[in-house]
Amino acid sequence: MSKVITAHAVSVDGYLSGHTPEGQAEFGRGLGDAAMLFDWYSDGDTPSTTFDGFRLSEPSARFFDALASRLGAAVAGRTTYEHSSHFSGGSPHPTAPLVVVSHHDVPEISEAQTLVTTGIADAIAAAREIAGSKDVGVMGGAVASSALAAGLVDEVVLHQVPILLGRGRPFFHELPAHVNLRLIEAVPAPGVTHLHYEVVR
């Protein structure tokens, strides 16, 4: 059976985006003042075999491409969808279609995207159908936390960047119970440490 993976670049204190300066719109702001969380996508000399234009360090490329090649569908929440400018009607992954989970209709949804309004379990089920034998990636703090709370996540990957942001949007939201993790792999690389965990059930 396919696995469900949540992965994101985060600061050491757990934020996935930074502060939004006053006067700026909330949605569409991207990373706020934390663009450095993704510097490792482009600060190396090894081209990604999955994402055109990414040039990573050799250890980051090896880890990132191995993970990205596993995905057959992605799930994102409404907030991530809005902050990412609707992924231009496509998906954050070059070959894995996007499922958007929202409590309400999303008028901007494209024909290439799938909208699910009946909860995270149904969104992941739809993504699994699309992915076939491949795995499903879950994006965004609220959606990842909902999936973890529902016991639907198999692996957690943190691309941890060595900075304390102090404020911003946290990756993990409040959970109803502890979630035990087992470290599968830790890969140090320039500007980032890739931490790969299995959810212990």
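Numerical summary
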quantity	calculated
Centre separation in Å (Cα based) which lies between the range 138-178 and the range 72-132	18 Å
Length-normalised contact order for the chain - Cα pairs under 8 Å, 6+ apart - percent	29 percent
Mean ellipticity per residue at 222 nm, deg cm²/dmol - from DSSP H runs of n ≥ 4 across the chain, formula -39500 (n - 2.57)	-5500 deg cm²/dmol
Carbon + sulfur, % of accessible area of the chain - ligands and nucleic acids excluded, 1.4 Å	54 percent
Probe 1.4 Å - accessible area at T117, Å² to nearest ten	60 Å²
R0 of 25 Å, Cβ-Cβ distance H104-E129: FRET efficiency to nearest 0.05	0.65
DSSP beta bridges in the chain [antiparallel fraction, %, rounded to 5]	45 percent
3J(HN,Hα) from dihedral phi, the range 155-161, Karplus parametrisation 6.51/-1.76/1.60, rounded to Hz, x for glycine, proline	9, 10, 10, 10, 8, 8, 9
P(r) weight above 16 Å for the range 86-201, C-alpha pairs, percent	68 percent
Solvent-accessible area per residue, Å², over the range 66-171 with all protein chains present [probe radius 1.4 Å]	42 Å²
Descending semi-axes in Å of the chain, equivalent ellipsoid built from Cα gyration tensor	23, 20, 18
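The values are calculated or read from the model by the stated rules, or taken from the named source; none is laboratory data. Bear in mind that the values here come from a model prediction, so they are computed numbers and not experimental data. Every residue, glycine among them, receives a Cβ derived from its backbone with ideal geometry; neighbour counts consider all protein chains shown. To get the accessible areas, we keep the full protein, side chains included, count just its heavy atoms, and leave off ligands, DNA and RNA. Shrake-Rupley method; radii C 1.70, N 1.55, O 1.52, S 1.80 Å.
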